[in-house]
Structures are given as structure tokens and as C-alpha cells.
Amino acid sequence: MKATFDGRWVWVGSDGRALYDQSGYGRPEKDGIKLAPEEALYLVHRGRLDVAGHPFDRFLAVCAEKPNFLRSYLVYRDIRERGYVIQTGPHDFRVFRRGQRPGTGQSQYMVRVISERDMIDFSRLVREATASLNLRKQHVLAVVDDENELTYYEVKMPTLPRIDHEAAEGNFRGELVGKYAIVRAAGPMAAIPATFGMQLDPERLVLAPLEILNLMHSGRLTLYGNGEPIDPGEYHRMAEESDPEFPVKVAVYDDLRSRGFVPRTGYKFGHHFRVYSGKKVHSEMLVQALPAGAALPMSAISRSVRLAHSVKKKMLFGCEHTQGIQYVEFARIKL
């Protein structure tokens, strides 16, 4: 089948309409179809298309003058060879449900192609994933590593449920010790929820900075230092002096607590929090808190996902967003 290349699209005459009707290649035009370079290159490689003056090697070299074309082509080829119909847009590719094609079926995945070295801008990611989800599609990152092997990640934006727990009532007193607080059994210990603090001994409970501020904000803890009360703003400034990430951690910690989850330090897993729902003995999620406008290398996200999966937990990033905390979940998938 003969075709011509105009530097942007490959054009096939009326005999090319069968490529669209039978296999979902290209987009129909008045006198035939137009193919994206990835589609045309794949067809040339399969021996189904002859682009005038452009045998496969030359065609690939010309197309590769466009930045990142090779990795885009590798993803296109891989998905096609898995039996899916794939077209360009609206992100990089849209992939139809297996056995379906344009005109008669629906797409299932919206795919963004990236490199293992790319920085993931979470603000942009949230916008794109939201657009995909609003169209009832799964948002997928196709990651091409330095050896041109592919890994697929589905990006979800879960709305964490609110879990009802029986809340303890009352107010109790804490004494500042460094950045921590000691609560003594002589006070109304029953007011302290069992999910807070570390039992130092039968008479004393130690509260960590995030716990202290959360309990102060909820009115359940009054903090004293040298016999004088300390207000939440003052304590926040004190805690931030030794932990620059404290403000963003507070926002995510408080959001998780407000939903009924129990966040504890995730230090042993290399993340800010391990999170319990109370339904299981073990934590079910790892959560990393991110400030507004944050970006992380895809290689770091990959490590986080691998570790979370190895300990049978979900990997979420809690991002400061215009409407509160937006959670973003990454999960490896096989198409």
C-alpha cells in the first residue's frame, strides 16, 4: 500500500480506508486516511505500508528528529502488539478496549509517555488524571527506561472514605519536653485516644509533634512549657525549626486524622506515614506528603511503588491542592 509523508502526517489514498475500518489505523479523510508517524512507522515495519522515499531506517531517522519520538514509537508498538487499537491523543495516546476500535467501540486508557528520568509535576498530573477520570478512562503512565524497556503505571485519585471511630471526650494537659509532650496518668488519661502517643511507662505517655498539634487544634490538649500555656501557632513554629517538612506533613496528617485513619511515622519504609484504617492489624497505605507545586523524578516514584507493593501496601502521595489534600495513587499494571 503506497503512502506519502508531508513531514507531519502520512497520507494514504482511498485504498487505505481498510486500515481504519478493519484495524483502527489513522483517521478518515475525504480521499483516504491520515496516519500519525508512529502508526505509519509500525505499518512500514510490518510490511503493510510503503512510504515514498522513506524505507524503515530512513523513516525512523527522520521521525526521530522530533524529541522523544523513539520512546513514543516503542510504546505505540508495544501496545499494538498486545492486541489493542491505539491512537494518538488527547494526552499522548488513547487505547481502546481489547477487541474494539474507533467508530464502534470505546477507549479504556489515556496514556502519557515519559522517561524514567522525567520529573513528575504533580499539579499537571492531577489535571491530566482528572481529565481522564472525567471521561471514565484509566490514566496510565508508560515509562520508558534507559534500556528502552517499558513499565506501565495506573494513576488513581482516590477519595479516602471517612471511618467512624468512637472518639474520646475531654481535655488533658501536656508538659513540653524538647519538641515532645509528656502526659501523666494523674490527668484524664481516658481522654487520650489509644491511637496517639507512646507509653513511656505506666504513668506517662509521650506525644510526637504531629500528634501534639493535631490534639491542640481539636481542643483535646493544652500544652504547657515552664508552667505557661503554649498556643498552637507558637508550637508549630517551634516544631518547624527542626523539621522543614513539618507544615506539609501537618496538612496531610490532619486530613488523614479527620477521616478516621491513623497515621504513624513511615520512617522504616522511607516515607512520611504508614496509615491504618483500624480494620486490619497492619498498615494498609504508605503516604508521602507533598507541598503545592511539587515535582518528583519518576525513578523516585518507581522506588516508592516497588517498596509499597513488596510490603503489600498502597502507595499514595498526599498533595496540597486548591481544595485541600488530593491523594494520588500509583500502581503498576500489565496491559
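When R82 is tested against the conditions (1) out of contact with any Lys or Arg (no Cβ under 9 Å at 6 or more places or on another chain); (2) surrounded by fewer than 21 Cβ atoms within 10 Å (Cβ to Cβ), the lone failure is (1). Scanning segment 72-90 for any residue that is within 30 Å of A289 (Cα to Cα) and out of contact with any Cys (no Cβ under 7 Å at 6 or more places or on another chain) turns up at least one such residue. Out of the residues in segment 90-102 that are in a loop (DSSP other than H, G, I, E, B) and free of Cβ contacts under 8 Å to residues at least 60 places away in the same chain, which is surrounded by the fewest Cβ atoms within 10 Å (Cβ to Cβ)? Among residues in segment 90-102 that are in a loop (DSSP other than H, G, I, E, B) and free of Cβ contacts under 8 Å to residues at least 60 places away in the same chain, the one surrounded by the fewest Cβ atoms within 10 Å (Cβ to Cβ) is G99. Taken over segment 213-227, residues that are closer than 16 Å to L256 by Cβ and touching a helix residue (DSSP H, G or I) at 6+ places or on another chain (Cβ under 8 Å) amount to 3.
Within segment 310-333, being under 15 Å from V155 (Cα atoms) and free of Cβ contacts under 8 Å to residues at least 60 places away in the same chain holds for K314, M315. Filtering segment 260-289 to residues that are of a type outside the set (F, W, Y) and either touching a Pro at 6+ places or on another chain (Cβ under 7 Å) or surrounded by 23 or more Cβ atoms within 10 Å (Cβ to Cβ) (or both) leaves P263, H272, V275, M285, L286, V287, Q288, A289. Restricted to segment 210-250, and to residues there that are among the small types (G, A, S) and in a helix (DSSP H, G or I), the residue that is farthest from V287 (Cα to Cα) is G233. Scanning segment 128-160 for residues that are out of contact with any helix residue (DSSP H, G or I) (no Cβ under 8 Å at 6 or more places or on another chain) and closer than 11 Å to V75 by Cα yields a count of 2.
The number of residues in segment 111-137 that are in a strand (DSSP E or B) and buried (at least 18 other Cβ atoms within 10 Å of the Cβ) comes to 5.
Taken over segment 162-187, the residue count meeting the criterion of being at pLDDT below 60, surrounded by 11 or more Cβ atoms within 10 Å (Cβ to Cβ) and more than 15 Å from Y224 (Cβ to Cβ) is 1.
Residues of segment 115-144 being touching a strand residue (DSSP E or B) at 6+ places or on another chain (Cβ under 8 Å), of a type in the set (D, E, K, R) and under 16 Å from L296 (Cα atoms), which ones? Selection gives E116, R117, D118, D121. Against the test of being more than 19 Å from A331 (Cβ to Cβ), in contact with a Lys or Arg (Cβ under 7 Å, 6 or more places away or on another chain) and in a strand (DSSP E or B), the options Q108, Q87 yield a single qualifying residue, Q87.
The values are calculated or read from the model by the stated rules, or taken from the named source; none is laboratory data. Not measured: the values here are computed from a predicted model. Cβ sites come from the backbone with ideal geometry, for glycine too, and all protein chains shown count toward neighbours.
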